[in-house]
Amino acid sequence: MTPLDLLKKYEEALSSQKWCSVAPLMHKDVCVTFTNGTFKGINEVQVVFEKNFALIQDEKYAIDNIHWAHTSENNAVCLYEFRWEGIIEGEHCSGGGRATSVLIFSDNKWKVITEHLGPYAL
């Protein structure tokens, strides 16, 4: 698997809205920053992802415009745009923004160690 393969699997896993699909792609020391805070370690990240999955029904998640800032045999850094849409409290909602992810090669697998999601620049 390449870093790009991992990112595509991550996109699919997020659209599945199943933590059991996302968890294998995350490093145990993962840190994720959303607009509502920074979550450190696989347990905190699981809680926030599962809250999002419960909040947004039938979510579709997409990653586009990927730019690889750095790749090596042990780590990779990418910037991309993300979009989501789904149903929140019976209403169709959507959003998106930009992201930076750091991937590392650990235990013979690529994994997400850091993800920072935020709004589009003004």
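The table below lists the values:
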| read-out | value |
| --- | --- |
| Helices (runs of 4 or more DSSP H) completely within the range 1-66 that count 2 or more residues being among the acidic types (Asp, Glu) and either under 12 Å from the mean Cα position of the chain (by Cα) or loosely packed, with under 14 Cβ neighbours inside 10 Å (or both) | 3-16 |
| Residues of the range 29-83 satisfying the condition of being more than 22 Å from LYS109 (Cα to Cα), among the aliphatic types (A, V, I, L, M) and touching a residue at least 24 places away in the same chain (Cβ under 8 Å) | LEU55, ILE56, ALA62 |
| Among the candidates GLY37, GLY118, GLY86, GLY96, residue that is of a type in the set (Gly, Ala, Ser), out of contact with any strand residue (DSSP E or B) (no Cβ under 6 Å at 6 or more places or on another chain) and farther than 22 Å from THR2 by Cα | GLY37 |
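Residue-by-condition table, conditions (1) of a type outside the set (A, V, I, L, M, F, W, C); (2) within 18 Å of LYS9 (Cα to Cα); (3) in contact with a Gly (Cβ under 6 Å, 6 or more places away or on another chain); (4) modelled with pLDDT of 95 or more:
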| site | (1), (2), (3), (4) |
| --- | --- |
| GLU44 | yes, no, no, yes |
| GLY97 | yes, no, yes, yes |
| PHE105 | no, yes, no, yes |
| LYS111 | yes, yes, no, yes |
| GLU115 | yes, yes, no, yes |
| TYR120 | yes, no, yes, no |
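The values are calculated or read from the model by the stated rules, or taken from the named source; none is laboratory data. Values in this document were obtained by computation on a predicted structure and should not be read as measured data. In this analysis, Cβ positions are derived from the backbone assuming ideal geometry, glycine residues included, and neighbour counts consider all displayed protein chains.
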